[in-house]
Amino acid sequence: MDELRAFHRRAPFLFFNGNTFADIGRGLAALLFRDLPPMRLKEVTSAVAHFVAGVLDREAMVQIVDELCRAADLVPGQRVKSLRGSLHGIITRVLDDGRVAVRPDGSSSEMISLPENLLPED
């Protein structure tokens, strides 16, 4: 990705350098992270494309990719929170279609959620 960013900065084409190299980065990221759920994959490829185009610095891109990849490994018994932090609970089971069942703190019922809507608690 660093090389693609460097190519973009060299501006070998008269027009559309950012779009050209960002799209290549997006495609490479899609291959590298193809095991992520669709929404997380979309966010990862977007972060990589923004890095290549020079809109996002390397440290921020790495942090985004790392967080989205780490958050995709949800297992029963793990404590999680919603993306905005308004809900905290524990994963009770992972369904066959990839969704997860979460028991919110202070409740005996389960909530079904997509894994991309949850983050592990630190």
So Val65, is it surrounded by 14 or more Cβ atoms within 10 Å (Cβ to Cβ) and not acidic (Asp, Glu): yes
Flag for Ala72 being among the small types (Gly, Ala, Ser), closer than 30 Å to Met1 by Cβ, modelled with pLDDT of 90 or more and surrounded by 12 or more Cβ atoms within 10 Å (Cβ to Cβ): no
Single match in Leu36, Leu68 (criterion: part of a loop (DSSP other than H, G, I, E, B), under 17 Å from Pro120 (Cβ atoms) and touching a residue at least 24 places away in the same chain (Cβ under 8 Å)): Leu36
Any hit, the range 96-105, residues being in contact with a helix residue (DSSP H, G or I) (Cβ under 9 Å, 6 or more places away or on another chain) and touching a residue at least 24 places away in the same chain (Cβ under 8 Å): yes
Residue under evaluation Leu28, criteria (1) part of a loop (DSSP other than H, G, I, E, B); (2) surrounded by 14 or more Cβ atoms within 10 Å (Cβ to Cβ), criterion not met: (1)
Per-region count, the range 34-45, residues at pLDDT 95 or above and surrounded by fewer than 18 Cβ atoms within 10 Å (Cβ to Cβ): 0
Top-ranked residue of the range 75-122 - restricted to ones that are at pLDDT below 85 and assigned to a loop (DSSP other than H, G, I, E, B), ranked as surrounded by the most Cβ atoms within 10 Å (Cβ to Cβ): Gly98
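The values are calculated or read from the model by the stated rules, or taken from the named source; none is laboratory data. It should be emphasised that the depicted structure is a prediction, and the values quoted were computed from it without experimental measurement. Please note: Cβ atoms are built from the backbone with ideal geometry, for glycine as well, and neighbour counts cover all protein chains shown.
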